[in-house]
Amino acid sequence: MKSEMVDHLYQAILSLKDQEDCYRFFDDLCTVGEIQVMAQRWMVARMLQDGETFNAINEKTGVSSATITRVRKCLVYGAEGYARVIDRLAEPEPPKKKKG
């Protein structure tokens, strides 16, 4: 999937400064449906990492078992993208240095 075009997209994403930048960029880049699908997959990945069952995830989110299975396969056999970000978000933030 690597290509110059994808590299440019990822560089644009890496340039986003905050959540407001993300909302604005992804609102322009994606349809509401595309954002919703990505958000659902992300939620499923987090719930699977937390040990939730397929049935519990389906009941809480309404996501299909096919989507849950796809995300689970990515968690087990994928490129570790979900796991890396989940782990990173679980890390406590380092204390901010005081100015002065």
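The values are calculated or read from the model by the stated rules, or taken from the named source; none is laboratory data. Bear in mind that the values here come from a model prediction, so they are computed numbers and not experimental data. Neighbour counts run over all protein chains shown; Cβ positions are idealised from the backbone, glycine included.
Scanning the stretch 25-36 for residues that are surrounded by 12 or more Cβ atoms within 10 Å (Cβ to Cβ) and assigned to a helix (DSSP H, G or I) yields 25, 26, 29, 35. Looking at the stretch 1-28, I want the residues that are more than 17 Å from residue 39 (Cα to Cα) and have a partner that is modelled with pLDDT of 95 or more with Cβ atoms under 8 Å, at least 6 apart or on another chain. Which pairs are those? Pairs found: 12/25; 16/22; 16/25.
Where residues in the stretch 48-60 are in contact (Cβ under 8 Å) with a residue 12 or more places away in the chain and buried (at least 16 other Cβ atoms within 10 Å of the Cβ), which of them is farthest from residue 82 (Cα to Cα)? It comes out as 57.
If I ask for residues that are part of a helix (DSSP H, G or I) and small (Gly, Ala, Ser), which ones from the stretch 48-80 would you list? Spell out the reasoning first.
Filtering the stretch 48-80 for residues part of a helix (DSSP H, G or I) gives 48-49, 54-61, 65-77.
Once the filter is applied, which keeps residues that are part of a helix (DSSP H, G or I) and small (Gly, Ala, Ser), the stretch 48-80 yields 56, 65, 66.
Picking from residues in the stretch 1-24 that are loosely packed, with under 12 Cβ neighbours inside 10 Å and among the hydroxyl-bearing types (Ser, Thr, Tyr), the one that is nearest to residue 57 (Cα to Cα) is 10.
Have a look at 39, 45, 83 and point out the one that is part of a helix (DSSP H, G or I), surrounded by 10 or more Cβ atoms within 10 Å (Cβ to Cβ) and modelled with pLDDT under 95.
Details: 39 fails: modelled with pLDDT under 95; 45 fails: modelled with pLDDT under 95.
Criteria check complete, one pass: 83.
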